[in-house]
Structures are given as structure tokens and as C-alpha cells.
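To start, the structure itself, in C-alpha cells.
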Amino acid sequence: SQQGEEDPQALSIQEGENATMNCSYKTSINNLQWYRQNSGRGLVHLILIRSNEREKHSGRLRVTLDTSKKSSSLLITASRAADTASYFCATATGTYKYIFGTGTRLKVLA
Amino acid sequence: DVKVTQSSRYLVKRTGEKVFLECVQDMDHENMFWYRQDPGLGLRLIYFSYDVKMKEKGDIPEGYSVSREKKERFSLILESASTNQTSMYLCASSFPVQETQYFGPGTRLLVL
């Protein structure tokens, strides 16, 4: 399995509910980033959390990082139909490479 | 805001054709990337460039080459397109190298 695996692969929730998705990785990281991709489009950066940070907020997004477990979670609160997208984590390991996971497909039902 | 543009949204080519995909960024970023995205495989790095005329191979460079003659422009070249190169191609830029990446809208390439 590859570094940066998201869980679950797919998630369907009602509008107004919270959505939580998880990312696991295997090696030491400098930072971990979350991206959103709307269908057939490019990725949009959401939030970056550094290896010495444990939690970060941006609007309705909350990201946690547990380096001892090599895992991160992305929480989207009070979800909206417009949040329907695929979400990817990417780990920056100290070289020029980012390692992307295969993503979580989120569907928010109105 | 950083803007990254790609020359085509959709492209249909024949096997054996030479294909050029162009990417332009407007924020003077030193680092530019080409990825391909396939279902179930996530994003895989094809090539990376950290300066004009400088490049590094990514994880899947076979069958591809790149050109960076100007800082703002990074081109991906498929020397002889094959059907297994049918994919979504994404360009990105960043500064510094391990910080936020800014992506273009993607080019969906179909090789027949």
C-alpha cells in the first residue's frame, strides 16, 4: 500500500452533518496537506499542517495530526452540497516529492 | 491569487503522435510539477522542475519528457503517444518546494 492512504474511500452524508476523513502515512514528514478536487478539475489546497503542529483550523475545516500514529484527520463541519468533492492528503517528506493518497469521495446530500 | 493554466482541457490524439501539454503559472514560482491521475492510483509524479532548464524525474517518467525554457512555462511531451497514456494530466507550481502546490485545471487526454 502507498503512503498517504485516505479512509474511507467514499462517504455520503446529509447537508448540515459533519464529515470526517482520515489519512495514514508511513514515513517521517515535514508537513501534511489536504486538497479538494471537484469532479474533473484540478486540486485546490485546503490546509497545511506542519509536523510540529497537532491541530489547525480554517473556517469549517479542522485538521489534526498525530505523528506518533502517522495519521491525520480532516473534519468538515456543517457540510454543504458544495462540499461534494474528492479529498486528498499529501505528505511532504523533505525532498521535492509530495506523496498523494487515492482520496476520499465525499457526497453531501441536500 | 496564483493562477496556473493548462493549454487544453480535453485532447484526443492517435497512437504514435507527438503530444505537447503546456502549463503556465503567473506567480514566479521556481518549482513546477507534472502529474498524471488515474482512478485508484491517485496522483503520480512524472517530472519536477526546480528552475529554468532544470528537471528531475518523478516516479513514472518513462515515455515522457519535459521542457522548461522560461520560468513560467513547463511543457510535458509525449514523444510517441500510446493508449496507456490516456489519463488526466495535472500541472502544479509551488514556492518553496515543499509548501502549498497550486494546480491547473487539468488536461484529460485520450489516446486512440
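The values are calculated or read from the model by the stated rules, or taken from the named source; none is laboratory data. Just so it is clear, the structure is predicted and the values come from calculations on it, not from any experiment. Here the Cβ is made from the backbone with ideal geometry for all residues, glycine too, and neighbour counts use every protein chain on show. Only protein heavy atoms, including side chains, enter the accessible area calculation; ligands, DNA and RNA are left aside. Shrake-Rupley method; radii C 1.70, N 1.55, O 1.52, S 1.80 Å.
Can you tell me which of (1) within 13 Å of chain B (Cβ to nearest Cβ); (2) without any contact (Cβ under 8 Å) to a residue 40 or more places away in the chain is the one A:Arg36 doesn't meet?
Just one mismatch for A:Arg36, condition (2).
When the range A:61-99 is examined, which residues are found to be within 17 Å of A:Ser39 (Cα to Cα), touching a residue at least 60 places away in the same chain (Cβ under 8 Å) and in a strand (DSSP E or B)?
A:Tyr87, A:Phe88, A:Cys89 - these are the residues of the range A:61-99 that are within 17 Å of A:Ser39 (Cα to Cα), touching a residue at least 60 places away in the same chain (Cβ under 8 Å) and in a strand (DSSP E or B).
Output the number of residues of the range B:18-69 satisfying the condition of being of a type in the set (A, V, I, L, M), closer than 14 Å to B:Cys91 by Cβ and within 11 Å of chain A (Cβ to nearest Cβ).
Counting residues in the range B:18-69 that are of a type in the set (A, V, I, L, M), closer than 14 Å to B:Cys91 by Cβ and within 11 Å of chain A (Cβ to nearest Cβ) gives 3.
Among the residues of the range B:12-69, what is the count of those that are without any contact (Cβ under 8 Å) to a residue 24 or more places away in the chain, part of a strand (DSSP E or B) and either of a type in the set (A, V, I, L, M) or touching a Pro at 6+ places or on another chain (Cβ under 8 Å) (or both)?
Counting residues in the range B:12-69 that are without any contact (Cβ under 8 Å) to a residue 24 or more places away in the chain, part of a strand (DSSP E or B) and either of a type in the set (A, V, I, L, M) or touching a Pro at 6+ places or on another chain (Cβ under 8 Å) (or both) gives 2.
Considering only the range B:2-40, state which residues are closer than 11 Å to B:Met88 by Cβ and surrounded by fewer than 16 Cβ atoms within 10 Å (Cβ to Cβ).
Across the range B:2-40, the qualifying residues are B:Arg9, B:Tyr10, B:Asp38, B:Pro39.
Taking A:His57 as meeting all but one of (1) away from every other protein chain (no Cβ under 14 Å); (2) not in a strand (DSSP E or B), write down the number of the exception.
(2)
Each row is one residue, and each column tells you yes or no for (1) under 19 Å from B:Pro39 (Cβ atoms); (2) out of contact with any Lys or Arg (no Cβ under 7 Å at 6 or more places or on another chain); (3) surrounded by 21 or more Cβ atoms within 10 Å (Cβ to Cβ).
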residue: A:Glu17; (1), (2), (3): no, yes, no
residue: A:Lys26; (1), (2), (3): no, no, no
residue: A:Leu32; (1), (2), (3): no, yes, yes
residue: A:Arg41; (1), (2), (3): yes, yes, no
residue: A:Ser72; (1), (2), (3): no, yes, yes
residue: A:Thr77; (1), (2), (3): no, no, no
residue: A:Ala82; (1), (2), (3): no, yes, no
residue: A:Tyr87; (1), (2), (3): yes, no, yes
residue: A:Leu106; (1), (2), (3): yes, yes, yes
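In the range B:79-110, which residue that is aliphatic (A, V, I, L, M) and crowded, with 20+ Cβ neighbours inside 10 Å is nearest to the other protein chains (Cβ to nearest Cβ)?
Checked the range B:79-110; the qualifying residue nearest to the other protein chains (Cβ to nearest Cβ) is B:Leu90.
Taking the residues in the range A:5-15 that are open to solvent by less than 60 Å² (accessible area, probe 1.4 Å) and part of a strand (DSSP E or B) as candidates, determine which candidate is farthest from the other protein chains (Cβ to nearest Cβ).
Step by step, filter the range A:5-15, then rank; the result is A:Ile13.
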